Amino acid sequence: MSSKPEQKETHQANGAVLPIVPMDCLTSPDRGQLVEPSDFLGPDGDGVEVVVLESRANAKGVREEDALLENGSQSNESDDTSTDRGPEPASPLKETSFSIGLQVLFPFLLAGFGTVAAGMVLDIVQHWDVFKYVTEVFILVPALLGLKGNLEMTLASRLSTAANIGQMDTPKELWKMITGNMALIQVQATVVGFLASIAAVIFGWIPDGHFSIDHAVLLCASSVATAFIASLVLGMIMIGVIIGSRKMGINPDNVATPIAASLGDLITLALLSGISWGLYKELESKAYVNPLVCAFFIALLPIWIIIAKKNAATREVLYSGWEPVIIAMAISSVGGLILDRTVSDPNFAGMAVFTPVINGVGGNLVAVQASRISTYLHMSGMPGESSETAPRKCPSPCSTFFSPDVNSRSARVLFLLVVPGHLVFLYTISSMQGGHTTLTLIFIVFYMTAALLQVLILLYIADWMVHWMWGRDLDPDNFSIPYLTALGDLIGTGLLALSFHILWLIGDRDTDVGD
């Protein structure tokens, strides 16, 4: 056996080819670190075991080389993974303000016209008997619209992120994502729809002290049936939108969430109005219909739970994703209470047509921003990991709106869409003779002030909330959007009601807010 100096000379002369080192060398304190053995073939074809000894002299150099090799291997692994994922749309880092605005503009206008249609529907149905005699249905409106916006936009955000990071490239992965997510939103819609009806009963009972069991069952049946059917229809539409966006090379984050919100408002409000009206008609002659409707949809819950549990991604949300949607439902219900108390006053009946518009536009814009920030963070790692992309816990308004990064750029673009978008929507409402309000200059000023303030607050909260949740190992796709859209409902309804009250107090008679 060669001595220690001889081994070093052999190592330097023969390119690290050494005879087998005894096992006691592994524990010798004056030895370098023994590198893992490798098998080579010698000249005679026999296997020769080769070991490499690291001396103390080059320990630092080798450690630096190892670090470089480790970084290189990680880069190669990332490259290999991205190669397997196939072609991907442009990274958010490469998007310009013009490209962001161009991609967001069409779905934003489509979403806005959807909320205008929802407002027109609410303006008509507020005079129906079911809305007159079961006024708690007004409390259900923001709660269910917010619920559908939460579930569908959370679904859109999850699927957009999955599409952007290559988790929907194969038919098998695509089918798993579709079935798991559809079953998940059916569970969430049924449970939260039931809880929303309870909240509506409580909020309706507290101010008046009046309780009717028939009206309570009617609210439950209407809420659960509306949530279930709307989830089924909207979920299928959203999956089609995301797959189509992916194939057309459009970032689904810019398209999916606004369409989800717009269609959700219109379809959900139309379903709620129709179902509650039909069940109200059956209340006198066939009182058993309402409890049967409740029992039927609740009985389907175990089926959806079983399907959702089979998917690893939706299984986590099934267990941990209840807190945001339930709290968001409660927040939206407070907005519904404000709407109920305001619209019930004949002086402010004109507010009904504008409520879905201001809430829907604010929710759409903040959902786009939250989804974009979430995708940006997912591209750098997993929730909870320390990352240079999530350093801030409480950002300043300047960093949110005026920094050079892509998320600040998108925040500026989204904020600049508020005024022209609302002007188009107000003109549409006026031309269709919707509402009970004349669009005077002072009304437009107050309305735009409320809308701008709402979106400004929401975009800032989104920048803080998404990074804060990311740092606490929470996936923003599942947790941030419900809170943000619910806050949008509450802030929008509150600011709009305040504007109507101020207009009435200052005596802007040309506005005719209650005519």
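Assorted remarks:
- Along segment 214-230 the Karplus relation, 6.51 cos²θ - 1.76 cosθ + 1.60 evaluated at θ = phi - 60°, assigns HN-Hα couplings of 5, 5, 5, 5, 4, 4, 5, 5, 5, 5, 5, 5, 4, 4, 5, 5, 5 Hz to successive residues, with x for each Gly and Pro.
- For the peptides 464-475, 133-144, 325-336, 307-318, the ranking by mean Cβ contacts within 10 Å, running from highest to lowest, is 133-144, 325-336, 464-475, 307-318.
- Accessible carbon and sulfur surface of segment 288-384 relative to its total accessible area, %, 1.4 Å: 72 percent
- At a probe radius of 1.4 angstrom, the accessible area of segment 128-344 per residue rounds to 38 square angstrom.
- Met236 paired with Ile165, simple spin-label distance in nm, labels 7 Å along Cα-to-beta-carbon: 3.0 nm
- Pairwise Lys count, segment 128-344 - Cα closer than 27 Å, eight or more residues apart or different chains: 14
- Chymotrypsin sites (Phe, Trp or Tyr not before Pro) within segment 227-309: DSSP coil, no more than 14 neighbouring Cβ in 10 Å: Tyr288
- Peptides 175-184, 96-105 ranked from most to least packed by the mean count of surrounding Cβ atoms within 10 Å: 175-184, 96-105.
- Chain lengthening between Cys394 and Trp322 when straightened (0.36 nm per residue, less Cα-Cα): 23.4 nm
- Working ranking of peptides 168-174, 289-295, 240-246 by packing, defined as the average number of other Cβ atoms within 10 Å per residue, highest first, is 240-246, 289-295, 168-174.
- Within-10-Å neighbourhood charge of Leu145 [Cβ basis; K, R +1; D, E -1]: -1
The values are calculated or read from the model by the stated rules, or taken from the named source; none is laboratory data. What you are looking at is a predicted structure, and each value in this text was computed from that prediction instead of being measured. Note that each Cβ is placed from the backbone with ideal geometry, even for glycine, and that neighbours are counted across all protein chains shown. When the accessible area is computed, the model is the full protein with side chains, heavy atoms only, and any ligands, DNA or RNA have been set aside. Shrake-Rupley method; radii C 1.70, N 1.55, O 1.52, S 1.80 Å.
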